[in-house]
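What follows is a single structure, written as structure tokens, with notes after it.
The values are calculated or read from the model by the stated rules, or taken from the named source; none is laboratory data. Predicted, not measured: the structure shown is a model, and the values here were computed from it. Neighbour counts are summed over all protein chains in view; Cβ atoms, including those assigned to glycine, are modelled from backbone coordinates with ideal geometry. When the accessible area is computed, the model is the full protein with side chains, heavy atoms only, and any ligands, DNA or RNA have been set aside. Shrake-Rupley method; radii C 1.70, N 1.55, O 1.52, S 1.80 Å.
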Amino acid sequence: MIVYLCSSRPRRFGKSMLISTLDALFSGRKELFEGLYIEDKWDWSKSNPVIRIDWTAIKHDTPEEIETDLSDFCKK
């Protein structure tokens, strides 16, 4: 399953915490969710790769800069 998520919310509005939570869920880190609602509702036997892009490191003044920086990021 491929899931694309772009979280664009105001500053200081929990974006990093949301992305970290989704990262932990999709990575199968069950120990972080013990005692929480999601613990018995998630299939912990599956884990998925998570790619996180820090957009502060991507130049985005022109479409060409975005394409070049994203290409460089993907080559790492």
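Things worth noting here:
- In the chain, the longest principal axis of the Cα atoms and the axis of helix 15-26 are about 60 degrees apart.
- Against the chain, whose longest principal axis is taken from its Cα atoms, helix 63-75 shows a tilt of about 50°.
- Protein accessible area in the chain, 1.4 Å probe - carbon and sulfur %: 57 percent
- For segment 1-66, the list of chymotrypsin sites (Phe, Trp or Tyr not before Pro) that fall in a loop by DSSP and count at most 12 other C-beta atoms within 10 angstrom reads TYR4, PHE13.
- Simple spin-label estimate for LEU36 and MET17 in nanometres, 7 Å along Cα-Cβ: 1.1 nm
- Under the convention that each Lys and Arg Cβ holds +1 and each Asp and Glu Cβ holds -1, the size of the dipole of the chain around its Cα centre is about 240 debye.
- Annotation: aspartates and glutamates with alpha-carbon distance below 14 angstrom to LYS30 (same-chain offsets under eight excluded): GLU39, ASP40, ASP43.
- Taking every protein chain into account, the accessible area of the chain amounts to 89 square angstrom per residue (probe 1.4 Å).
- Mean separation of Cα contacts under 8 Å, 6 or more apart, over the residue count of the chain: relative contact order %: 19 percent
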